[in-house]
1. Over the chain, calculate the relative contact order: mean separation of alpha carbon pairs under 8 Å at least 6 apart, over the residue count, as a percent.
2. For the pairs Lys64/Lys101; Lys12/Lys99; Lys64/Lys87, flag any whose C-alpha to C-alpha distance is greater than 28 Å.
3. Evaluate the charge dipole of the chain about its Cα centre and quote only its size in Debye, nearest 20, assuming +1 on the Cβ of each Lys and Arg and -1 on the Cβ of each Asp and Glu.
4. Just the Cα atoms of the chain: what Rg and Dmax do they give in Å?
5. At q = 0.15 Å⁻¹, work out log10 I(q)/I(0) for segment 27-122 with the Debye formula, treating every Cα as an identical point scatterer and leaving solvent out; two decimals please.
6. Which links in Lys36/Lys153; Lys21/Lys54; Lys54/Lys153; Lys54/Lys149 stretch past 20 Å when you go from one Cα to the other?
7. If you roll a 1.4 Å probe over the chain with all protein chains in place, what percent of the accessible area is carbon or sulfur?
8. For the chain, modelled as a Gaussian network with Cα springs under 10 Å, which listed residue fluctuates most, Asn66, Asn148, Asn177?
Amino acid sequence: MKWFLDFGHGGKDSGALGTNKTKESDTVLKIGMMVKENLENAFEKVITTRDNDKYYSLDYRTKKANNENCDYFISIHLNSATNSSAKGCEVWLYNENIKLKNLANNLCNNLSTKMDTPNRGVKYSKKLSVLKNTKMPSLLIEVDFISNKEVEKSLRNDNHLKNIADTISSTLLSFVNKSIVEDKVFYR
């Protein structure tokens, strides 16, 4: 399997900011690099948009994924709202691909359970560039709301970020009939 991992924003585009100035771009990069490592440890091929705090256009991101002929495109983001009590995970899809909808539901359920945050469910958009311009099945994960002070505080904890990354990784691996076991050995 060949995964394209897209870590939202970067460089001049910090994405959403928490009230304590935690940047979405930095946080999703940390989570994403751990997901990448987990997938590679399971002998999965992984291509990423970025591995540092650099800006890449939406067009660049989708063209790179398409040129690499990846099997799946996974974009990782943090949500934000004017309502500072908003929290919860959601996953965005372009259309009702049943197989991908099952993966999206599993991601929502697993993140909600492991992170003790509301499950906001699977949502659809024909407007999100990374979903509509990729040739492969794609989804966009909104892990939680960085605009919520409690969530932002937890996003500054490396153990919490590892739990998020491990949850995303294990859900993706389960999707391709692989698992993570306690001693970090992966198997089919």
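1. Working: 380 pairs, mean separation 52.1, N = 188.
Once normalised by length, the contact order is 28 percent.
2. Details: Lys64/Lys101 24 Å; Lys12/Lys99 35 Å; Lys64/Lys87 32 Å.
Table pairs above 28 Å Cα-Cα are Lys12/Lys99; Lys64/Lys87.
3. Working: 29 positive and 23 negative charges, 101 e Å.
The dipole magnitude comes to about 480 debye.
4. Final numbers for Rg and Dmax: 15.2, 44 Å.
5. Ignoring solvent entirely, the Cα scatterers give -0.75.
6. Values: Lys36/Lys153 24 Å; Lys21/Lys54 18 Å; Lys54/Lys153 24 Å; Lys54/Lys149 26 Å.
Result: Lys36/Lys153; Lys54/Lys153; Lys54/Lys149 exceed 20 Å.
7. Working: 4180 of 9260 Å².
Using a 1.4 Å probe with all protein chains present, the chain comes out at 45 percent carbon and sulfur.
8. Ranking Asn66, Asn148, Asn177 by mean-square fluctuation puts Asn177 first.
The values are calculated or read from the model by the stated rules, or taken from the named source; none is laboratory data. These numbers were taken from a predicted model, which means no experiment stands behind them. A quick note on method: Cβ atoms are made from the backbone with ideal geometry, for glycine too, and the neighbour counts reach across all protein chains shown. What goes into the accessible areas is simple: the full protein's heavy atoms, side chains included, and nothing from ligands, DNA or RNA. Shrake-Rupley method; radii C 1.70, N 1.55, O 1.52, S 1.80 Å.
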